[in-house]
Amino acid sequence: MKKGLMTTLTHAGSKITMPSTSMPKVAPLYMNAAYCFDDAETLAAVGSGEKEGYLYGRTSNPTNDCLREILTAIDEGADSQVYSSGMGAISMAVMSNIKAGDHIIANKVIFGTSFKFFRAELRDKFGVEVSFVDFANDDIEKYFKPNTRIVYMETIANPTIDVLDIRKIAASAHAHDCLLIVDNTFATPAVCRPLTLGADMVVYSATKFMCGHSDILAGVIVANKKSLIDHITDVGHSYGPIMSPFDAWLLIRSLRTLEIRIAQHSRNAMQAAEYFQGHKQVAHTLYPGLASSPAHKVASEIFSRGLYGGMLSIDLGSEKNVNDVIRNFKMIKLVPSLGAFTTTVSDTKTSHGAMTKAERDASGLSDGLLRVSIGLENVEDIIEDFEQSMKKVGR
Amino acid sequence: MNDPKYTRETGILHQGAYLQGRRDTPETAPIYLTTAFNVEDLDDLEATYAVKGYTYQRTRNPNRAALAELMTYLEQGERSLIFSSGMAAISTVLLSMLGSGDHLLADSTLYGECITLFNNMFPHYGIEVTLVDFTDHAAIEAGFRPNTKVLYTETISNPMITVIDIEAVAAMAHRRKAMLVVDNTFTTSVSMKPLTVGADVSINSLTKFANGHSDAVAGSATGSEALIQKVYELQVLLGTTGDPFTAWLVQRGIRTMDLRVEKQMDNAARLAAALEANPHVLRVHHPSLASHPQHELAKRILRHGCGGMLSFVMPDDRKLINAFMRKLNLAHYAMTLGGYRTTLSHPVMSSHHGVPEADRLRMGITFGLMRVSVGIENPDDLIADFNQALEVFK
């Protein structure tokens, strides 16, 4: 039967049958909202999980599954799920495991928006109790309650670059039947794999080092049990913060170079930290790779092969000094993100603007702090830009 | 445009056409998927022409311009052009320099498609071609004719991984008032910058090591402003331009090129040494090895590494070679090279399929020769994988 032009235009070429001999070297990008079925029984069987298959773009996508396979493997987890942003992943990981009346213990030094999510959303709106605790100097044991469900922290704290002993915190959490969720954004699996240290879930803003090219937003959860991800996936279907397949495809591409990028970020950061440590305008250099860092011992135990990541912070003494140094850079830019191939900086007000001044003070976040995301440039060029800028600013 | 006098049919085409508000400075360049750019009036159009502004995608596109700028920097030239493939770059560059009655003198061990282009296509346009072994400088001298306009070679040949002395060949070309065009694909600017040692144009199949992710096909040509202007004028007519999305992806790929290629070159040297030590391997071709005929030359001109490509010889036993390929876990056969994963290619069955047996044997291309594009895997994993697979020859 000869079909009308409009019918041909809408139906022809919608199915690619790959010859069995053709194995694409790179996984294809499935820009698909939904899948077609010949009968309702098959659709129902796929929907119930009785048969394998894809149904709808919000529930699953083959490109996203390729990405999940990589993420699960590199974090040595059981399964993973991906979301449209780091906050999408964090909110899904936490909200899937909490209800009104439950209690969360969170480190008081965390990314500003995570802090705000716990305080303004979970605590103030949804009736979840939240204790912000100084994990580094206080004993978290005394904050557990019968209704505590989640302990939350970052591998490398934003912006103090502090490193805590995940093994100890995991032991405490598990002794109280709680889940430990660790934001591993600053470290990446190339530096630290929290699941191997006892964490139940790791979350990422994969926008940062995991992607490394500043061109997508992405969030990741990897868990040590498949049942945790199954549950989150199910909850996520209701909220819908899914990752676009195109972003998943770009993130896969990025992960191919993760190890060589992170090794270079870490080498550069180590040299930059040594430079800052000897600089008279820098009151403190916060980097776990420095032997003088209080975090050095534990970081050396839980990080891989002497890598300490690409993030460091320096205390320039005042907000004015921070602003002046930023203004006098020739190459380095203030960017409200991090983890890119270029060196970028951020002040505390930018990274932790979601917190009030009082909250920042309570968490010990000084306005004189400049957070530096060390890039892949030649480290001499990075140091030179700091040198000339700080020279102009003076003491 | 927010004028209520227009209908929905018109509005659906005109709304959202231009970015409103502040032009920020994105960390990453936007992708300009537009075939053309609008101008206000004829004066504006003339002004756009005057500054070589963006008008039509085949003539100029911001993503192609951005990638070209990056290539010019990396290759240390004056100007670059971006093409839809490496072959588009090679054909456009050479056709811009050669005309009917001119003579092209090229290396005989070039990429197969190049040999097809030179031998089968160029004679249609009255271009004479001679292919000689460029490792043999006397053969090059003997190949010159009064009408020789261009010499063409690759920095490292495929699949015997021989190294060409670009500086010496450039000097020979220039003595005869000819130009030297070099394909820098195998070495990339990480280990070789042909323009700095006398070449006139450096071409890259960006598809390979430069992009490195096996997901884009693109080419580039870099040289002096005057030479590239001639290439540009032909490119506009032939329409061999690269597309904006590919240009953006390749630029993204190049951000990690130094990290990748350095690792690939280091891995290749390690794998070459391991293969040479393996009793089932008859011979290994990689310039890092002391046994390589141009080892000393390579040490002198490829100071940052001898490239990520190697080849090695196994016994001419098709069954055992198949068993070896199936037993490898990490390296798969692929009709490309330079990607982050290690891949194999079998010259007799692919690049040199049409070459008569006597000719290919003279080049050293036996049935047991396997070419390896070394990836960025952990080198110990790679070596262990090759060694366990080579056990099939026991």
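The values are calculated or read from the model by the stated rules, or taken from the named source; none is laboratory data. Since this is a predicted model, take the numbers as computed values, not measurements. All Cβ positions, glycine included, derive from the backbone under ideal geometry; neighbour counts span all protein chains shown.
Things to note:
- Selection of the stretch B:102-111 for residues being closer than 21 Å to residue B:142 by Cβ and either of a type in the set (S, T, N, Q) or surrounded by fewer than 22 Cβ atoms within 10 Å (Cβ to Cβ) (or both) yields B:102, B:103, B:108, B:109.
- Against the numbered list (1) assigned to a helix (DSSP H, G or I); (2) more than 19 Å from the chain's Cα centre (by Cα); (3) assigned by TED's automatic domain parsing to the domain that holds residue A:308; (4) not hydroxyl-bearing (Ser, Thr, Tyr), residue A:235 comes up short only at (3).
- Lone unmet requirement of (1) more than 15 Å from residue A:308 (Cα to Cα); (2) surrounded by fewer than 22 Cβ atoms within 10 Å (Cβ to Cβ) for residue A:128: (2)
- The set of residues from the stretch B:312-345 being more than 13 Å from chain A (Cβ to nearest Cβ) and farther than 21 Å from residue B:270 by Cα comprises B:315, B:316, B:317, B:318, B:319, B:320, B:321, B:322, B:323, B:326.
- Only one of A:132, A:126 that is out of contact with any helix residue (DSSP H, G or I) (no Cβ under 6 Å at 6 or more places or on another chain), modelled with pLDDT under 95 and in the same structural domain as residue A:88 (by TED's automatic domain parsing): A:126
- Checking each residue of the stretch B:132-144 against the condition of being assigned to a loop (DSSP other than H, G, I, E, B), away from chain A (no Cβ under 14 Å) and in contact (Cβ under 8 Å) with a residue 40 or more places away in the chain gives at least one match.
- Looking across the stretch A:21-39 at every residue that is within 30 Å of the chain's Cα centre (by Cα) and among the hydrophobic types (A, V, I, L, M, F, W, C), the one that is surrounded by the fewest Cβ atoms within 10 Å (Cβ to Cβ) is identified as A:33.
- Residue selected from the stretch A:283-319 under the condition hydrophobic (A, V, I, L, M, F, W, C), assigned to a loop (DSSP other than H, G, I, E, B) and touching a residue at least 40 places away in the same chain (Cβ under 8 Å), by the criterion surrounded by the fewest Cβ atoms within 10 Å (Cβ to Cβ): A:283
- Candidates A:42, A:63, filtered to the one that is of a type in the set (S, T, N, Q), assigned to a helix (DSSP H, G or I), outside the structural domain of residue A:235 (by TED's automatic domain parsing) and surrounded by 12 or more Cβ atoms within 10 Å (Cβ to Cβ): A:42
- The requirement of being on the phi > 0 side of the Ramachandran plot and surrounded by fewer than 18 Cβ atoms within 10 Å (Cβ to Cβ) is fulfilled nowhere in the stretch B:112-121; no residue meets it.
- Taking the listed residues B:9, B:78, the one that is more than 14 Å from chain A (Cβ to nearest Cβ), out of contact with any Ser or Thr (no Cβ under 8 Å at 6 or more places or on another chain) and either at pLDDT 85 or above or farther than 30 Å from residue A:344 by Cα (or both) is B:9, with no other qualifying.
- Looking only at the stretch A:359-383, and only at residues there that are surrounded by fewer than 16 Cβ atoms within 10 Å (Cβ to Cβ) and within 14 Å of chain B (Cβ to nearest Cβ), the one that is farthest from residue A:218 (Cα to Cα): A:381
- Residue match in the stretch A:305-320 (condition: within 14 Å of chain B (Cβ to nearest Cβ) and under 18 Å from the mean Cα position of the chain (by Cα)): yes
- All conditions but one from (1) more than 22 Å from residue A:381 (Cα to Cα); (2) within 14 Å of chain B (Cβ to nearest Cβ) apply to residue A:220; the one that does not is (2).
- Put simply, of B:255, B:300, B:283 the only residue that is farther than 27 Å from residue B:348 by Cα, over 19 Å from the mean Cα position of the chain (by Cα) and without any contact (Cβ under 8 Å) to a residue 60 or more places away in the chain is B:300.
- Within the stretch A:332-358, the only residue that satisfies the criterion of being charged (D, E, K, R), away from chain B (no Cβ under 13 Å) and not in a helix (DSSP H, G or I) is A:347.
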